[in-house]
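*Asks:* The structure follows.
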Amino acid sequence: MSLLRSLRLCLVARAGTCPAGPLQLQSSQPRHTFHTGPRLASSASSKELLLKLRRKTGYSFVNCKKALEACSGDLKQAESWLHKQAQKEGWSRAAKLHGRKTKEGLIGLLQEGNTTVLVEVNCETDFVSRNIKFQQLVQQVALGTLLHCQNLKDQLSTYSKGFLNSSELSELPAGPETEGSLKDQLALAIGKLGENMTLKRAAWVKVPAGFYVGSYVHGAMHSPSPHNLVLGKYGALVICETSERRANLEDLGRRLGQHVVGMAPLSVGSLDDEPGGEAETKMLSQPYLLDPSITLGQYVQPQGVSVVDFVRFECGEGEEAAEAE
């Protein structure tokens, strides 16, 4: 409870101010070590191929040279050879590290059109969670979940919400521009970073007209990718029903998300619930995080929206309880 109390104080202190500036993630080139092959003849042509393969794949010059030597200078085959070697290395390392605790990691939030997804990917240390390669893995998982949700054929008359567990998430395709599944991308990341990792869970929400999904990520870091991915340690989605599009919906949704992250409700409840007792776990009857003199229901009612559902993710949630058992 002390961790949750600290989080609440932090959220209240930050209320009314703009979130901290986005952290721009800097790209870096991964390096791998593969077995040697026959030497490639030195020439202007081979050097050009080497530079082209290096730029395209990001692997080291040494490994790119080995790939070109093994594939007799065929650029496409050399690229495939590099990915296959990295995949083998990743699966081998993943098998060795399997079973090690993964308490750290990141929550990823991605919104596109009427679809919003929240994912959790875990690793062993906070140091690795701040690595660009790990954050790229979270991005791939969020994109894979978003594509899965968008491909679901449903006629929405009300909002739709779903969850994916670890095994379901692992089997999703990595995306239109990436071969294999998300578990293959997980193995590659483990091979590169040398820590055990898990694709823990995902949640998705789709809404029709008349609904809005508010969102908040605590300790947000923004990805520089074309996709509007936000990363952090806590995340929340709040589904609201509204009769008309209001100018302040984004700010309202962020404040509701802050409340869900800080107060950790278990259900929405109703405006008729009396504060106190068992109602303390019902969202609408809880003291409003940013103004405890009123309930959240009293804050929401004049805004012209109805809170109908929410999702809350806390990174590493459940790991301590599992250890205690």
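The values are calculated or read from the model by the stated rules, or taken from the named source; none is laboratory data. Quick caveat, the model's predicted, so the values are computed rather than measured. So basically every Cβ, Gly included, is an ideal-geometry build from the backbone, and we count neighbours across all protein chains shown. Calculation scope for accessible area: heavy atoms of the full protein, side chains included, ligands and nucleic acids excluded. Shrake-Rupley method; radii C 1.70, N 1.55, O 1.52, S 1.80 Å.
*Asks:* For T295, T198, what's the largest-to-smallest order of accessible area, 1.4 Å probe? Spell out each step's value before the answer.
*Replies:* On the way: T295 25, T198 45 Å².
Accessible-area ranking of T295, T198, largest first: T198, T295.
*Asks:* Ratio of Rg to Rh for region 229-325, alpha carbon only, Kirkwood? Please list the in-between numbers first.
*Replies:* Details: Rg = 14.4 Å, Rh = 14.3 Å.
Radius of gyration over Kirkwood radius for region 229-325 works out to 1.01.
*Asks:* So, one more: For region 304-310, what does the Karplus curve 6.51 cos²θ - 1.76 cosθ + 1.60, with θ = phi - 60°, yield as ³J(HN,Hα) per residue in whole Hz, taken in order and with x for Gly and Pro?
*Replies:* 3J(HN,Hα) across region 304-310, in whole Hz: x, 10, 10, 7, 10, 6, 7.
*Asks:* Magnitude of the Cβ-charge dipole of region 165-237, K/R +1 and D/E -1, about the Cα centre, nearest 20 debye? Present the calculation step by step, with values, prior to reporting the outcome.
*Replies:* Working: 6 positive and 6 negative charges, 64 e Å.
Using Cβ point charges on Lys, Arg, Asp and Glu, region 165-237 gives about 300 debye.
*Asks:* Can you give the translational diffusion coefficient of region 156-301 in µm²/s, computed by Stokes-Einstein from the Kirkwood radius over Cα pairs at 20 °C and 1.002 mPa s? Please report the intermediate quantities before stating the final value.
*Replies:* Numbers: Rh = 17.8 Å.
Estimated diffusion coefficient is 120 µm²/s.
*Asks:* Then there's this: Give, rounded to the nearest 20 debye, the magnitude of the charge dipole that region 104-314 has about its Cα centre when Lys and Arg contribute +1 at Cβ and Asp and Glu contribute -1 at Cβ. Provide the component values of the computation, followed by the final result.
*Replies:* Working: 16 positive and 24 negative charges, 83 e Å.
For this selection, approximately 400 debye.
*Asks:* Okay, moving on. F163: accessible area at probe 1.4 Å, nearest 10 Å²?
*Replies:* 120
*Asks:* Do any of K133/K200; K66/K192; K192/K233; K101/K133; K233/K282 go past 25 Å between their Cα atoms, and which? Could you put the intermediate results ahead of the total?
*Replies:* Working: K133/K200 17 Å; K66/K192 18 Å; K192/K233 23 Å; K101/K133 20 Å; K233/K282 23 Å.
Over 25 Å apart, Cα to Cα: no pair at all.
*Asks:* Roll a 1.4 angstrom probe over the protein heavy atoms and tell me the percent of accessible area of region 201-268 that is carbon or sulfur. Walk me through the intermediate numbers first.
*Replies:* Values: 1250 of 2470 Å².
Carbon-and-sulfur percentage of accessible area, whole number: 51.
*Asks:* How big is the charge dipole of region 118-187 about its Cα centre, in debye rounded to the nearest 20, if each Lys and Arg gets +1 on its Cβ and each Asp and Glu gets -1 on its Cβ? Write down the numbers at each step before the final one.
*Replies:* Working: 5 positive and 9 negative charges, 35 e Å.
In debye, rounded to 20, region 118-187 gives about 160.
*Asks:* GluC sites (Glu not before Pro), restricted to region 232-277: which are DSSP loop and have at most 10 other Cβ atoms within 10 Å? List each step's numbers first, then the result.
*Replies:* Details: sites: E241, E244, E250; in loops: E244.
Passing both the DSSP loop test and the Cβ count: E244.
*Asks:* Once phi is turned into θ = phi - 60°, what whole-Hz ³J(HN,Hα) does the Karplus curve with 6.51, -1.76 and 1.60 give for every residue of region 295-302, x standing for Gly and Pro?
*Replies:* 7, 4, x, 5, 6, 6, 3, x
*Asks:* Reported to two decimal places, what Rg/Rh ratio describes region 69-195 when computed on Cα atoms with Rh from the Kirkwood expression? Show your work: numbers first, answer last.
*Replies:* On the way: Rg = 16.6 Å, Rh = 16.1 Å.
When Rh is taken as the Kirkwood radius, the ratio is 1.03.
*Asks:* Let me ask something else. Just name one of H227, V260, G162: the one whose Cα is farthest towards the positive end of the charge dipole of region 142-279 (beta-carbon charges, Lys/Arg +1, Asp/Glu -1).
*Replies:* The residue sitting most towards the positive pole is H227.
*Asks:* For region 104-314, with every protein chain kept in place, what is the accessible area per residue (1.4 Å probe, Å²)? Numbers along the way, then the final one.
*Replies:* On the way: 8810 Å² over 211 residues.
Roughly 42 Å² per residue, with all protein chains present.
*Asks:* Considering Cα pairs under 8 angstrom that are at least six residues apart, work out the relative contact order of region 104-314 and quote it in whole percent. Don't jump to the answer; show the numbers that get you there.
*Replies:* Numbers: 438 pairs, mean separation 42.6, N = 211.
Once divided by the residue count of region 104-314, the mean separation gives 20 percent.
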